[in-house]
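Working notes, beginning with the structure itself.
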Amino acid sequence: MIPEIGHIFLILAFVSSIMQITYWTYNTKNLNLLALDILKNGVLINCLFILISFSILTYSFVVSDFSLLIVSNNSHSLKPMLYKISGTWGNHEGSLLLWVLILSSFTFWVSKKKQINNNLLFSILGVQTLILCLFLAFILFTSNPFERVETIALEGRGLNPLLQDPGLAFHPPMLYIGYVGLSVSFSFAVGALITGKINKEWAQQIRPWISISWSALTLGIALGSWWAYYELGWGGWWFWDPVENASFMPWLIATALLHSIRILEKRLIFVNWCILLSILGFSFSLLGTFIVRSGLLTSVHSFATDPSRGVFILIIMIISIGGPLILYALKSSIFKEPKVQFNLLSKESALLINNLFFTTATATVLIGTLYPLFLDALSGAKISIGPAYYNATFAPIMTPIILLMAIAPFLNWGKGKSKNLLKIIALLTLTSLIAAFSLSTINGSSIFAIICGTLSFWLFVGVISDFFVKIKETKLKITKMGSIFLYISKIGIGMNVAHLGVAIFLAGITGEQFFKTEFSGRKNIGDTFYIEDKLLEFKNFQTLKGPNYQSEMATFTLYQNNKFIGYLKPEKRFYPTEQSQTTEAAILTGFWGDTYVVLGDGDNQSGWSIRAYFNPLVSWIWSGAFFMALGGLLSFFEHKNITKKNIRLT
Amino acid sequence: MNTKSLVLRLLPLILFSFIIIVSGLVLYELKKKPTKKNLLTSQLIGKKIPDIKIQEADNNLENNNKNLNFKKYKNKLFAVNFFASWCAPCRVEAPIVEDLSKIIPVIGIVYKDKPNNTKKFLDDFGNPYDKIGIDNSGKIAIEWGVYGVPETFLINEEGKIIYRHAGPLLYNIFKSEVLPIIKSNK
C-alpha cells in the first residue's frame, strides 16, 4: 500500500508538470505576474510530490520491503542501515528518482530568487519543468521504482558489495547535484534566447549556479576516484573509463563556462559563446546519463542494460538539446555586443585561450570515449582507448593552461597595462628553474616527471604571489565577522583557493605517476620485504566474520628506519548473498605518501600473492580536488556578498 | 544575413545531429542482438529432495510433533507447494493448486505464518493439500532453495525434483508446463 502512495505522487508530479508546461507555452507571449505566480507554485508542488515519493522509496528500503522489485534486487535485511538508505540510489530506478528530486529542488530554489527579471524567470522555470517532465516520463514508462513483484522474495539479493562503501554512498548524490545544477545555467541560456535579452545582471545571476554545480561535480568526481583507489584494489585513481569520462566532460565544459562568464560579467562580450557553453554543459550531463544508462557500456557502473531506455534518453536529448540548439542557430544573431578592444596580453585573451583549450580537451575526451563504443557496435571491432591516448593528447593541452593560470591573474582588463608582469614572470621562471633542477636530482625522475612537478611549482608560486599582491592592494581591515566575507569577496579568494587546489593536485599526480614503487610476489607468514625504505613483515593470517560477509585478513607490520609505524590489514571479503568477492586494500595514509597493500590468493604452503605500493603524495590528488571545490564554494559566497550591498565595511 | 556566421551558428546543431544519428544506429544494433531470457533455474532439478526434517501440522495447523513422512509418496508423482496466508499471489494461485491436487497429491509447506491465519486462509480458499508441513524458521525454504512464496516443485517416482516454478502457478503455466510433465511421467 505505502509504495503505491509513492507511485501515485510520482504520477501526480508528472501530470502537474504537463499542466504547467501547457500553461507556460500558452502564456509565454503575454506574461503577467499571475502566470508567474502560478508557475512558481507549480514548481513547489512538483518538488513536494517528488520529495514524498522519494521518501517513501527510501522508507521501503529501510524496512526492506522485498515486494518491491528494486528493493529485492538491491537490498538485504542484514545490510547496515547506511547502505540500506544509500541503496535507494544505488540502482538505476532509484538514482533517477534522486535525479528528479534534485532537479525539482534546484528549480524551486531558482524560483525563490527575487532579483531575476520576471520574463527570464518565467522562461527558466518553464524550461526546467520541461526537463523534469521528460525525466518523469522516462521513470514512469521505462524505469518505475515502485514496480512490485509477483513472488515476494524471502531475502534481497543485496547491494553490489563494491558499492557498500561510505565513499560511494555520497558519490552519486554529489555528481547529480553537479549535473542537475548545470541544468539551471542551461535554462538561463535558453531563457536568454527566448527573451532575447542579455546583460551583466544575467551573467551575475547565472554565475553562482555554475560555481555550485562545478564544486559539486568536482567533489563527486573526486569521491568516485578516491573510492576506485581504495576499493577496487588496482592501485590507480583514474582510469579514463568511459563512465569516468562521462562525468569529466561536463566538468571541463563547466570549467570553461566558469571562466568565460567572468568576461561576460565584466565586458559583456562573448555572449553567444557563453550561451553555447551553457547549453553544452547540460548536454554533456545528459550525454553522460545516456552513455551510462543506455546499456552501451558494461562496467562496474552499468546497472541497466535495456536498449529501450537508451531510445528514451535519446528522445529526451533530441528534445532538450536539439530544441535549444535550433533556437541558438535562429536567434543568437540578435545579441549585439559592444565593440571592445583588448590587448594580446590581457585578461580577456587569457580567458579566451583558457576556453579554447578546455573545449579542445573536452573534444579529445569525447572522441576517446565515443569512438570505441561506436566502432564496437557498428563493426564489432573491439579497441580500447586507454591512458596512452590521453597522455598523448590530453596532457599537452593542459600544459599551456597551467602556464597561463599562474600569469593570468596579473593581467589587466582590456587595453590597460599590466603592472609587475615582467617581475612576476621573472620570479616564476627563476623559482621554477630551481624546482626543475631539484626534481632532476631525485632518483628515477624522467623528463615528464620534471615537467609535471615544475608546472605544479610554477602555479603554486603564481597563486601565492597573486594572493599577497591582492592583500596589499585591497588595504582592508577586518573588524567584524560579517566583514570577513566581504573581505574575501573583495579579494576574490575563491579563485586563489581553486587554483591552489590545481597546484596541489598536480603535485599529487607528479608523485603518484612518476615516483611510485611497486612490489609483487608470494610471501608466507614471517616473511619480510622492502618497498622504498619501508620494511613490511607478514605477521599473521586469519578468517573473520563481518555483518554480511566473511573475510580473510592478513596483518603486516610496517617499519621505517627500524621504527614501528603501523599495521596494515588487507582483506578479501566474500559476500554469500551476492555470491561475490571484494578486495579491501590496506592503506596507511601519510602526508608524504600512502603505503598500499593488496592481498591475493594463496594458502599456508605456498604463501599468498601480495601486491604492495608506495604512492608518494597520492592523497594530495584528492586534497587538491577538495581545495578546488572549496574555491568554487567561496566564489559562490563572494557573489552573495557582492549582491548584498547593504553590508558596509567599517 | 551573413552566411559565414549562419554556418557557425548551425555548427553545434550539425555536430549534435551527427552524434544523435550515430548513437541511434548503435542502439539499433544493440536492439537487434537477441537478449537472454532471465530464467530462474534451480540447482536442485534432477536431484533428490533435500534431506531435512519437516514438522507436520495437525488439523488446527499447530505443530503435532511428528515429522512429515514422504514415504507414502514413494513411486508416485507428487507436488510440493510453499505458501503463506500473508502472500497475495498465493490467493491467486489457490484455484489452480486445487486443480493440480485433483491429478496428483500436493504437499503444502506453510512459510512463516501464524496457525490461525493459515487456518483462515485454507477455510476461505479451500484446502488442496494432502499434508501440510510447517516452516516457521524459514530453514526449510533455504534448504529447498526457495526464492519466495509461492513456489511449486514436482517430484517424480524416484524422489527427484523434476520441475520448479517460482511465483504463482498461473493457469497458462499450469497448462503449458506442468500438465505436459505430469502426462509424460505417468
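From the alpha carbon centroid of region A:164-225 to that of region A:82-148 is 14 Å.
Rounded, prolate or oblate, given the Cα gyration tensor of region A:131-260, with a/c below 1.5 counting as rounded? Oblate, because a/c is 1.5 or more while a/b does not exceed b/c. For the protein assembly as shown, the list of Cys residues with no other Cys C-beta under 4.7 Å reads A:C47, A:C133, A:C274, A:C452. Interface between chains A and B: roughly 2800 Å² of accessible area buried, both sides summed (probe 1.4 Å, protein heavy atoms only). Can you tell me the orientation of helix B:3-32 relative to chain B, as the angle in degrees between its alpha-carbon axis and the longest Cα principal axis, to the nearest 10? So the inclination is approximately 30 degrees.
The overall shape of chain A, judged from the alpha-carbon gyration tensor, is oblate: a/c is not under 1.5, and a/b is no greater than b/c. B:Y171 sits with roughly 130 Å² accessible to a 1.4 Å probe, with DNA, RNA and ligands left out of the calculation.
Seen from A:S95, the other residues with C-beta closer than 13 Å to its C-beta sum to a net charge of +1, counting Lys and Arg as +1 and Asp and Glu as -1. The radius of gyration of the Cα set in chain B, together with its Dmax, comes out at 26.2, 94 angstrom.
In percent, rounded to a whole number, the relative contact order of region A:94-172 is 37, using alpha-carbon pairs under 8 Å and six or more apart. When the accessible area of chain B is split by element with a 1.4 Å probe, what percent falls to carbon and sulfur? About 55 percent, which is the carbon plus sulfur part of the accessible surface.
Per residue of B:88-94, other chain Cβ atoms within 10 Å of the residue Cβ number 2 on average.
Accessible area of A:F529 (1.4 Å probe, protein heavy atoms only, ligands and nucleic acids ignored): about 10 Å².
For B:Y147, A:Y567, the ranking by accessible surface with the largest value first comes to A:Y567, B:Y147, using a 1.4 Å probe. Backbone amide hydrogens, once placed in the peptide plane, bring A:T517 within less than 5 Å of A:F614, excluding anything fewer than 5 places away on its chain.
Solvent-accessible surface of region A:391-459, taken per residue with a 1.4 Å probe and all protein chains present: 55 Å². The listed residues A:L140, A:L630, once ranked by accessible area (1.4 Å probe) with the largest placed first, stand as A:L630, A:L140. Legend: residues in region A:324-355 shielded by at least 10 square angstrom of accessible surface upon adding the remaining protein chains to the isolated chain (1.4 Å probe, heavy atoms) are A:L325, A:I326, A:Y328, A:A329, A:S332, A:S333. Scanning chain A for DSSP H helices at least 18 Å long along the axis (C-alpha atoms) with a Kyte-Doolittle mean no lower than 0.5 picks out A:2-27, A:33-62, A:92-111, A:118-142, A:171-195, A:271-293, A:347-379, A:387-407, A:421-440, A:447-474, A:493-514, A:618-643.
Of A:T107, A:T431, A:T543, the order by accessible heavy-atom surface (1.4 Å probe, DNA, RNA and ligands excluded), from most exposed downward, is A:T543, A:T431, A:T107.
The values are calculated or read from the model by the stated rules, or taken from the named source; none is laboratory data. Everything numeric in this text was worked out from a predicted model, so none of it was measured. No Cβ is skipped: glycine too gets one built from the backbone with ideal geometry, and neighbour counts run over all protein chains shown. The area values use the complete protein model at the heavy-atom level, side chains included, leaving out ligands, DNA and RNA. Shrake-Rupley method; radii C 1.70, N 1.55, O 1.52, S 1.80 Å.
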